[in-house]
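Every read-out reported here was derived from the displayed coordinates using simple, explicitly stated rules and does not represent laboratory data. Computed from a predicted model, the values in this text were never measured in an experiment. Glycine also receives a Cβ, built like all others from the backbone with ideal geometry; neighbour counts cover every protein chain displayed.
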Amino acid sequence: MTGRNQSTISEFLLLGLPIPSEHQNLFYALFLAMYLTTILGNILIIIVICLDSHLHTPMYLFLSNLSFSDLCFSSVTIPKLLQNMQSKVPSIPYAGCLTQMYFFLFFGDLESFLLVAMAYDRYVAICFPLHYTTIMSPKLCLFLVVLCWVLTTFHALLHTLLMARLSFCVDNVIPHFFCDMSALLKLACSNTHVNELVIFIMGGLVVVIPFLLIIVSYARIFSSILKVPSSQGIHKALSTCGSHISVVSLFYGAIIGLYLCPSANNSTVKETIMALMYTVVTPMLNPFIYSLRNRDMKRALCRKKIPLYF
């Protein structure tokens, strides 16, 4: 409430996507279809995992949480984007903007941490197959899931509270389709050094470190396979880890392209496209990836007599 009292504006204007007016309806239909596909696909994954006892394993516990994170992650931005595409004044209230920023950070961080937990699960399954059930006990799996949720709650809340203390004076136009934290900092008319310092420090903890842990896990996996090279071992690794590697590549590829690659003159367009990649495209593709590349999921869909449309 303190941040709101300091602010002299009550809402922000979202510029949205750089789409010509004559193409608005076409892109509206496209994003609506993608959003519905994301929701239905991820809900289907969760339902199948819950109903099929064969999938009550650590890997699918993490996958069900990842699917829930994906559908929520898309729901944070896409419904508002669709609403604003049909609105003459694409605005969002001050409190709504901070709320959107909080849940955007929350579910984005949650996906990052869950991908680390899934990488560790694959590492144990391939490098220590005889001790897998002992190491990946239900207690440890539950602890890893709870830890992911707790860490993301702390991180998202920290940035939201720091943003709420800032003042926003005159300019309230956000050149994005959602309340991006960096875009909001550029509009603030009070000192943002603390915010920027926390972003730099915490960014390493929630993005760089998880990514490095995933790289280390797969380095150990492939090192273990190469010690006893065989076509069967390589095939097992690919079939076991292929889906996860694909999802990691999509998720972190978009983040690396956005934050680590040099910005061109049209940096705003680039940021928008990259943001669409990891907020819209990646959550939509995850159910496809885990259905098409995962034998256990295919069998579960067949057991439940669900047509494999994706």
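Show me the helices (runs of 4 or more DSSP H) entirely contained within the stretch 116-233 in which 1 or more residues are among the acidic types (Asp, Glu).
Qualifying helices (runs of 4 or more DSSP H): 193-203.
Working only within the stretch 121-159, note down all residues that are polar (S, T, N, Q) and surrounded by fewer than 20 Cβ atoms within 10 Å (Cβ to Cβ).
Correct list: THR133, THR134, SER137, THR153.
Working only within the stretch 36-57, note down all residues that are touching a residue at least 40 places away in the same chain (Cβ under 8 Å) and either under 17 Å from the mean Cα position of the chain (by Cα) or loosely packed, with under 14 Cβ neighbours inside 10 Å (or both).
THR37, THR38, GLY41, ASN42, ILE45, LEU51, HIS54
Evaluate the stretch 104-113: report whether one residue or more is in contact (Cβ under 8 Å) with a residue 24 or more places away in the chain, crowded, with 21+ Cβ neighbours inside 10 Å, closer than 15 Å to PHE31 by Cα and not basic (Lys, Arg).
no
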